[in-house]
Amino acid sequence: MEDGKGTTASSAPPLSAEIVLRHLRQTVIVIDEVGTIVQHMGSSLGVLGYTTDDLMGTNALDHVAPEHYDSMLFAFFGPEDRIVRSKHLPFKVGLLDRHGDTHYADCCGERVCIDGKLLWIVTMMPHQLQSASSHALHAFGAGASSLEVAERVALSLSMQWDDAFEIRSFVLSGHDGNRFTAAVEPGRPVGIGLGAMIASLVDTPAPWNREITDVHAVFPVTELPAGIAQEARDAGFAVADLAVASLGGQPMLAVLSFAIHEHTFVGNINMILRDSIQTIEMTMRRERDDEMLMRAAEQDPLTGLANRSRFAEALEQSVGSTAVLFIGLDDFKQVNDTFGHVVGDAVLVEVARRVSELCRPGDVVTRMGGNEFAILLADVDTEGATHISGLRRERPCGTRRPRHASGQ
């Protein structure tokens, strides 16, 4: 029907403020200037185990985790001249449930004056209700590994709101260049059912082990390996979603999610998954760059051997009987003078290769500089070091226990 102005008016009756507040996913409390809760609306913080009757008349600070007590006290309570803001930017606060465990919420408050009384209207949203992409960014900012970020995404996505909407998410990892080799469901131990079946069949022919053409794909569970498909159907799932994070075109991690309805992974869930994958890939690039910097700090750029700094660190950390072999190339200056530095560099690279092939995996082969090399041999005595070096001397250098031994 039209309202006379050419616009169509809704036939639905307006909801009362009480109904709206009662169905808020946020929780709204009103506290007075000494912290007493005088009003409570909303249901999200039901995770704390309190009812409205439990909260009314109690002091808000009694429900704040100890490490956040002083911050909340300073933000909301105290003399008039100490309250410098009437509105707060949202911030994270720890709240205690009825068993004393801490749950986090995003808190935002505004100070009002009603009938001459100063009150705070405080809105709180459970922190876990942030989108998976927000949790991924928090994990990235905290320095989490790419696997930890992916697990945070999967844990945040896994939810059951009602009988018609459920998501269960898994993280696939350990890609060996051809296929994923490991799977885990964050927040749940690997036991029986769907999680155990995915873990046992993750490296078999499956959508995640084919050529990846899109970071985000949805397919029916019937396209999965038979064992996984059966477990998924038994759990009530009809579709699966695969979101893949790659580095340099190589798949590295994936978030595999299951849902009841085929349209679950469109709209906002699609955007959340794509944003989350971008954060995982950003974390992987950071890890790669950190590894390159660490390698540059400990590696000789010409030969790829350990440098003097890495040698000193390994020597300091060594325990037990240790031998150090020093190698110098005789008349190396003549090579450079006669054939040039390009040939001289090639000689050094070849020497590094040959020496490395003769050493054990745990030995630290080092280019000390110029034409000088050193090898740190762990868990050997003089006789062993002499044998490795090929030296045959009447008076080999002795060893010192328990720290370092040297042979030359």
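The values are calculated or read from the model by the stated rules, or taken from the named source; none is laboratory data. Since we're looking at a predicted model, the values are computed, not measured. Methodologically, a virtual Cβ is constructed for each residue, glycine included, from the backbone with ideal geometry; neighbour enumeration extends over all protein chains shown. Accessible surface areas use protein heavy atoms only, side chains included; no ligands, DNA or RNA. Shrake-Rupley method; radii C 1.70, N 1.55, O 1.52, S 1.80 Å.
Which residues among segment 361-377 fall inside the zone where the amide N is under 20 Å from a point 7 Å beyond the Cα of Asp337, along Cα→Cβ?
370-372
Ranked highest first by average number of other Cβ atoms within 10 Å, how do 284-290, 23-29 line up?
Answer by packing, highest mean first, reads 23-29, 284-290.
Could you list the trypsin sites (Lys or Arg not before Pro) in segment 149-220 that lie in coil according to DSSP, counting only those with at most 12 other Cβ atoms within 10 Å of their Cβ? All intermediate terms of the calculation are to be shown ahead of the outcome.
Numbers: sites: Arg152, Arg168, Arg179, Arg210; in loops: Arg179, Arg210.
Answer in residue order: Arg210.
In nanometres, what is the gap between the two model label sites at Asp176 and Asp330, each 7 Å from Cα along Cα-to-Cβ?
Each label point is offset 7 Å from its Cα along the Cβ direction, giving 4.8 nm.
What is the dipole size for the chain, taken about its Cα centre, with +1 at each Lys and Arg Cβ and -1 at each Asp and Glu Cβ, in debye to the nearest 20?
Values: 34 positive and 54 negative charges, 200 e Å.
So the dipole magnitude of the chain works out to roughly 960 debye.
Cα gyration tensor of segment 163-281, axes a ≥ b ≥ c as square roots of the eigenvalues: rounded (a/c below 1.5), prolate (a/b > b/c) or oblate? Numbers along the way, then the final one.
Details: a/c = 1.58, a/b = 1.13, b/c = 1.40.
Since a/c reaches 1.5 but b/c is at least a/b, the shape of segment 163-281 is classed as oblate.
Which ³J(HN,Hα) values in Hz, rounded to whole numbers, follow from the phi angles of segment 292-301 under the Karplus curve 6.51 cos²θ - 1.76 cosθ + 1.60, where θ = phi - 60° and Gly and Pro get x?
Values per residue, Gly and Pro as x: 5, 5, 5, 5, 5, 6, 10, 10, 6, x Hz.
Could you go through segment 229-238 in sequence order and give the Karplus-derived ³J(HN,Hα) for each residue, using 6.51 cos²θ - 1.76 cosθ + 1.60 with θ = phi - 60°, rounded to whole Hz, and x for Gly and Pro?
4, 5, 5, 5, 5, 4, 7, x, 8, 10
Using a 1.4 Å probe on the protein chains only, how many percent of the accessible area of the chain belongs to carbon and sulfur?
On the way: 12630 of 23170 Å².
Reported share for carbon and sulfur atoms: 54 percent.
Label points 7 Å out from Cα along the Cβ direction at Asp379 and Ala238: separation in nm?
Each label point is offset 7 Å from its Cα along the Cβ direction, giving 5.9 nm.
Using the heavy atoms of the protein chains and a 1.4 angstrom probe, tell me the accessible area per residue for the chain in square angstrom.
Values: 23170 Å² over 408 residues.
Here the per-residue accessible area is 57 Å².
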